[in-house]
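One structure is given below, encoded as structure tokens.
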Amino acid sequence: MGQNSLAAAVDKLLVKQWIAENGSDASAAVPLLQAVQNEYGYLPREAMDIIVSETDITASQLFGVATFYSQFRLDPVGRYVIKVCHGTACHVSGADRLNTALRQSLGITEEGVDTASNGSYTIEDVACIGCCSLAPVMVVGDETFGNLKGADAQRSLKKHARRHGEFLPGHEEEKAEADAPQKKSSDTKKKEVRQ
Amino acid sequence: MSLQPATVIVGEGTCGIAAGAKEVFNTFRALLPNAEMKTVGCVGMCHQEVIVEIIDKRGEAFLYGKVDKKNIPSILSYHQGEGELQTDHLIRSATRMDGADYLTRQTRIVLRNVGQLDPKSLEEYRQRGGYRAIEKILKEDISPERIIEEVKTAGIRGRGGAGFPTATKWSFTRSAEGDEKYLICNGDEGDPGAFMDRSLLEGDPHSVLEGMLIAAYAIGASRGYAYIRAEYPLAVEHFGKAIEDAREAGLLGKNILGYDFAFDVKIKQGAGAFVCGEETALIASIEGSRGMPRIRPPFPAVKGLFGKPTIINNVETLANLAWIIENSGSAYAEVGTEQSRGTKVFALAGTIKRGGLVEVPMGMTVRQVLYDIGGGSSTGLPIKAVQLGGPSGGCIPESLFDTPIEYEALNATGAIMGSGGMVVMDAKSCMVDIARYFLEFTQIESCGKCTFCRIGTLRMKELLTRICDGEGTMEDIDTLEEIAHQVKASSLCGLGQTAPNPVLTTLRYFRDEYVAHVEENRCPAGVCKGLITHTIMPQSCTGCSICERYCPVDAITGVIKKPETWVIDKELCINCGMCVEVCNSDAIRVE
């Protein structure tokens, strides 16, 4: 799935710097992993090894923490992460459909896979972003899109890709997008902003 | 030209930004180079985002809603003496209050500053009377015991959900032995559908910080942590700035305001674990472990973070404190009811006309919140139920909407006060699906320590999935109920003890929907994918082929412009509903 090609090269000095900033006792485990993930988008094995060898945190403790909290990922992610909100309000207004639509746009068919084969986008389900009155909501990179129907999500993703020089794998969807008639109602309702 | 805008204030909470607030801000700045531009937190009228207040040169204020780049010129033309007042967008002005019901029916104590001040300005908070409460305490040398007494008079109970009296909790820690004590601000707002803590931390961080100072003084803590969800980047940023500015101004650190009182705060970002809303799990998380709860006693108030006496207070609880000290505990106690004093903030969402943050006095009925403030259903369909308290709460049916908002009264319905999520649902929401949704959530979030919670929630989820798929039996419903009671009775922490609530309340009030799924193989709301089919109706179809292009599984075929040829292959169809959404002629029937 091209996931290995997404693996990050870990900068040892950077990891050491985070350790210097956050301390090396047990309570630094979460902030250290957060710093690593901030930089690389996931937790590369190499970075975790460095933390274990340079701090008082044991491998079992660090791995235990990394696998307990839903924020942490052990696999590489695409260049952009799409967070699909699955809060209560989003659920009742059709958040599942956003997943279906986005997976279609990104050509992801295999169960359990959430990153597009070209490494562009990763779909992630999140519990609640807290913009309930804009439900259903998704966040692409750091741009929030609200009041989405499935087709709106595809269109917003397309726009995001165009603006950021990404392309979506698969050609059928591109064709469909070019052909699809302009939808009136949902387009005017849809809100979008660049942050 | 006295109507000319002198100041333009744009609401920039997370939801405002998501609705386009930054773009609106930039457009105003470009169009009005001479006006003063300001940003404030979210005033809570999410249904009106983006919200802009224009203050003209006479000092008159106009509050506009649903502002976007396109309608700014027409709004402005009135203020430039050219066009008409845009009454469709006007929420409130000195002479017009039509759209202001939403605000005037609330009682704003906690949210007193949110949406009124620039959250990044310590100066503005002080101008509005901020930090006067802590200053008064230190200046008049009011004893910690007196503060606890005052909070006891106020009668405030923990706003995180459980409703334990704040003053009682404090007095345990006050009297606990120990050289060092900790105060933790719990901002790990994990309930899907609740965002009051986010709004407070984003929109009025200093009032939370001042609340922390008061609490720390009362219990004798010198160090504090603010545990904030990492999913709330703006809240982390604003609270971080508040801490820095306060430290600079001598409001944090040693010898606060020149008196013999020391306290400092550090932010800890949560990493995404619902169970960390539980006190002992939150402590484990700050200590750097997996966030798993432990047996109580000893209670954190006596033995908590790093083994020291620790108080954990919810963001909303803390944001009440400065008001209580300034206005007295008895003034606070006058609001609300005998058992539940003060106000509660709710996040109103779902199929409601005016959604957003609302702060109401305790004792107001659910119906008043939904109809008088929320304006009723947004879909035209009657409101069927309201979900209170998220995964730990339950669904209250329409017949119980006259229940007052009080801890005990809400508990009696099987729901809970909770942290304040209030999700409104109409006939198109399936109650079995809602129960399954919450069980899926709690099952994933169960830390795995207790067998009943770890395995019980999984079995419940399996049973619910079976029922939603149309494969359930009547016996499954009984089993579900039995396991629900066992999980409730046998779990260590609040997560497991309350996880069955969504199931138990829907079984209690909407059992007919469960039975319809099982006996009639029918989902009355048309939600459960295993029980619905999608069919194209040739009499409405135009043969445009848009559904074919959006179908993710290629289940739709037909010839362009020949409606009678279009069919959905039932074998391939996954009932995702994409075709219904994109169809321009309402030609797809769901049954």
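Which fully enclosed helices (runs of 4 or more DSSP H) of segment B:150-231 have 1 or more residues being within 14 Å of chain A (Cβ to nearest Cβ) and farther than 30 Å from B:PRO502 by Cα? Before you say what the answer is, go through the steps one by one.
Details: elements: B:166-175, B:196-203, B:205-219.
Result: B:196-203.
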Q.
Yes or no: segment B:495-513 includes at least one residue that is crowded, with 18+ Cβ neighbours inside 10 Å, outside the structural domain of B:PRO293 (by TED's automatic domain parsing), in contact (Cβ under 8 Å) with a residue 60 or more places away in the chain and closer than 21 Å to B:GLU591 by Cβ.
A. yes
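Take A:ALA66 and decide whether it is within 11 Å of chain B (Cβ to nearest Cβ) and modelled with pLDDT of 90 or more.
Working: within 11 Å of chain B (Cβ to nearest Cβ): yes; modelled with pLDDT of 90 or more: yes.
Against the criterion (within 11 Å of chain B (Cβ to nearest Cβ) and modelled with pLDDT of 90 or more), A:ALA66 qualifies.
Residue check: is B:VAL423 farther than 22 Å from A:THR67 by Cα and in contact with an Asp or Glu (Cβ under 6 Å, 6 or more places away or on another chain)?
Working: farther than 22 Å from A:THR67 by Cα: yes; in contact with an Asp or Glu (Cβ under 6 Å, 6 or more places away or on another chain): no.
Here the answer is no, as B:VAL423 does not meet what is asked.
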When every residue in segment A:43-63 that is closer than 18 Å to B:GLY272 by Cα and surrounded by fewer than 18 Cβ atoms within 10 Å (Cβ to Cβ) is compared, the one farthest from the other protein chains (Cβ to nearest Cβ) is A:PHE63
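Hey, which of the strands (runs of 3 or more DSSP E) in segment B:318-434, taking only ones fully inside, have at least 1 residues that are free of Cβ contacts under 8 Å to residues at least 40 places away in the same chain and either not assigned by TED's automatic domain parsing to the domain that holds B:ALA154 or not aromatic (Phe, Trp, Tyr) (or both)? Write out each step before concluding.
On the way: elements: B:343-350, B:356-361, B:383-388, B:394-397, B:421-426.
The strands (runs of 3 or more DSSP E) meeting that bar are B:383-388.
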Those residues of segment A:55-109 which are closer than 23 Å to A:VAL30 by Cβ and aromatic (Phe, Trp, Tyr) amount to A:PHE63, A:PHE68, A:TYR69, A:PHE72
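Is it the case that B:LYS70 is under 28 Å from the mean Cα position of the chain (by Cα), of a type in the set (Lys, Arg) and either loosely packed, with under 14 Cβ neighbours inside 10 Å or modelled with pLDDT of 90 or more (or both)? Steps first, answer last, please.
On the way: under 28 Å from the mean Cα position of the chain (by Cα): no; of a type in the set (Lys, Arg): yes; either loosely packed, with under 14 Cβ neighbours inside 10 Å or modelled with pLDDT of 90 or more (or both): yes.
Against the criterion (under 28 Å from the mean Cα position of the chain (by Cα), of a type in the set (Lys, Arg) and either loosely packed, with under 14 Cβ neighbours inside 10 Å or modelled with pLDDT of 90 or more (or both)), B:LYS70 does not qualify.
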When B:PRO361 is run through (1) over 30 Å from B:GLU440 (Cβ atoms); (2) of a type outside the set (A, V, I, L, M, F, W, C); (3) buried (at least 23 other Cβ atoms within 10 Å of the Cβ), the failure sits at (3)
So, first residue within 17 Å of A:ARG103 (Cα to Cα) and at the interface with chain B (Cβ under 8 Å from one of its Cβ atoms) in segment A:69-92, second residue outside any loop (DSSP other than H, G, I, E, B) and acidic (Asp, Glu), Cβ within less than 8 Å, six or more apart or across chains; the pairs are A:HIS86/A:ASP125
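Taking B:ILE467, is it of a type in the set (A, V, I, L, M) and surrounded by fewer than 23 Cβ atoms within 10 Å (Cβ to Cβ)?
Details: of a type in the set (A, V, I, L, M): yes; surrounded by fewer than 23 Cβ atoms within 10 Å (Cβ to Cβ): no.
Spelling it out, it is not the case that B:ILE467 is of a type in the set (A, V, I, L, M) and surrounded by fewer than 23 Cβ atoms within 10 Å (Cβ to Cβ).
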Of the listed residues (A:ALA127, A:ALA151), the one being more than 16 Å from the chain's Cα centre (by Cα) and small (Gly, Ala, Ser) is A:ALA151
Going through (1) out of contact with any Cys (no Cβ under 6 Å at 6 or more places or on another chain); (2) surrounded by 20 or more Cβ atoms within 10 Å (Cβ to Cβ) one by one, B:GLY13 fails only at (1)
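Going by the conditions given, is B:THR473 within 26 Å of the chain's Cα centre (by Cα), over 25 Å from A:PHE68 (Cα atoms) and touching a residue at least 40 places away in the same chain (Cβ under 8 Å)?
Details: within 26 Å of the chain's Cα centre (by Cα): no; over 25 Å from A:PHE68 (Cα atoms): yes; touching a residue at least 40 places away in the same chain (Cβ under 8 Å): yes.
Judged against the criteria, B:THR473 is not a match.
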The residue that is surrounded by the most Cβ atoms within 10 Å (Cβ to Cβ), considering only those in segment B:19-41 that are within 10 Å of another protein chain (Cβ to nearest Cβ) and in contact (Cβ under 8 Å) with a residue 12 or more places away in the chain, is B:ALA19
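The values are calculated or read from the model by the stated rules, or taken from the named source; none is laboratory data. Model, not experiment: these values are computed from the prediction. Methodologically, a virtual Cβ is constructed for each residue, glycine included, from the backbone with ideal geometry; neighbour enumeration extends over all protein chains shown.
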